[in-house]
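Just below is one structure, and these are the notes that go with it.
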Amino acid sequence: MTVSRIATENDRLAIFKLAARMHLETDFRFYDFDPSIAIAGLSDWLGGDPNSVMFVAEADGEVVGMLGATLRSTWFGRDKLASEELFYVAVAHRGSGAAHQLLQSFCDWAAEVGAQHLRAGVATGSSPAAEKLYQGFGMHYVGGNFSAHLGEQLRTELKICPAKSQEASP
């Protein structure tokens, strides 16, 4: 059985290991992954910021999923927005209910802290299972993510965001 709970400092290494797997599995694989920065970067979610929280899904005593969230006001008003910023379940545990448990914990936390709105999303490509999960919580699709990797080799290979022409503009 899978259960979701608020992560503690004792979960830092397990969360880091999941984050490393997520990095390799997603579009984020094109981004630098520095283990020391990643481990330190978990601090806000592990109690360093009162407006941030990390949930973990546990199965048989093993951390198999994670969801990191923040609470902020929108940049244009006073409404509080709870945003899911990191959501991953190990491949072997997908379909086990772990993602559902994590998303339920996120929704419960958002209500407890007074959020008027939720934002969650998939930055790893099309995922019918993720769409079904979010829709099951009453969320609806409002857009998508676009990504470009600007390293010179990738820009050339993928023909994205071409460099400015050296010719003078008329």
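The values are calculated or read from the model by the stated rules, or taken from the named source; none is laboratory data. This structure is a prediction, so every number in the text was calculated from the model and none was measured. Cβ: placed from backbone, ideal geometry, glycine included. Neighbour counts: every protein chain shown.
Apart from one condition, Thr70 fits all of (1) assigned to a helix (DSSP H, G or I); (2) of a type in the set (Ser, Thr, Tyr); (3) within 20 Å of Asp108 (Cα to Cα); the exception is (1). Here Ser43 meets each of (1) over 28 Å from Gly138 (Cα atoms); (2) within 13 Å of the chain's Cα centre (by Cα); (3) hydroxyl-bearing (Ser, Thr, Tyr) with one exception, condition (2). When the residues of region 39-61 are filtered to those that are acidic (Asp, Glu) and either closer than 18 Å to Glu84 by Cβ or in contact with a strand residue (DSSP E or B) (Cβ under 8 Å, 6 or more places away or on another chain) (or both), the one that is surrounded by the fewest Cβ atoms within 10 Å (Cβ to Cβ) is Asp49.
If you go through region 92-107 one residue at a time, do you hit one that is touching a strand residue (DSSP E or B) at 6+ places or on another chain (Cβ under 6 Å), of a type in the set (Ser, Thr, Tyr), at pLDDT 80 or above and surrounded by 12 or more Cβ atoms within 10 Å (Cβ to Cβ)? Reasoning before the result, please.
First pass over region 92-107, keeping only residues touching a strand residue (DSSP E or B) at 6+ places or on another chain (Cβ under 6 Å): 93, 96-99, 101-102, 105-106.
Right, trim to of a type in the set (Ser, Thr, Tyr) and you get 96, 105.
Filter once more, keeping what is at pLDDT 80 or above: 96, 105.
Going one step further and asking which of them are surrounded by 12 or more Cβ atoms within 10 Å (Cβ to Cβ), we end up with 96, 105.
Looking through region 92-107, at least one residue is touching a strand residue (DSSP E or B) at 6+ places or on another chain (Cβ under 6 Å), of a type in the set (Ser, Thr, Tyr), at pLDDT 80 or above and surrounded by 12 or more Cβ atoms within 10 Å (Cβ to Cβ).
If you go through region 41-65 and keep only what is within 17 Å of Arg21 (Cα to Cα) and modelled with pLDDT under 95, you end up with Gly41, Leu42.
For region 125-133, the criterion of being within 19 Å of Gly68 (Cα to Cα) and among the polar types (S, T, N, Q) is satisfied by no residue at all.
Checked against the criteria, Leu81 does not count as part of a strand (DSSP E or B) and either among the charged types (D, E, K, R) or in contact (Cβ under 8 Å) with a residue 60 or more places away in the chain (or both).
Pairs under 7 Å by beta carbon, first residue at pLDDT 85 or above in region 120-144, partner aliphatic (A, V, I, L, M) and in a helix (DSSP H, G or I), six or more apart or different chains? Listed pairs, sorted by first residue: Leu133/Ala99; Leu133/Leu103; Phe137/Leu103. Inside region 2-38, can you point out the residues that are among the β-branched types (Val, Ile, Thr), modelled with pLDDT of 90 or more and either surrounded by 15 or more Cβ atoms within 10 Å (Cβ to Cβ) or farther than 22 Å from Phe106 by Cα (or both)? Once the filter is applied, which keeps residues that are among the β-branched types (Val, Ile, Thr), modelled with pLDDT of 90 or more and either surrounded by 15 or more Cβ atoms within 10 Å (Cβ to Cβ) or farther than 22 Å from Phe106 by Cα (or both), region 2-38 yields Ile15, Ile37. Does at least one position in region 70-90 carry a residue that is more than 15 Å from the chain's Cα centre (by Cα) and surrounded by 18 or more Cβ atoms within 10 Å (Cβ to Cβ)? No, that holds for no residue.
Are any of the residues in region 92-108 in contact (Cβ under 8 Å) with a residue 24 or more places away in the chain and part of a strand (DSSP E or B)? No, that holds for no residue.
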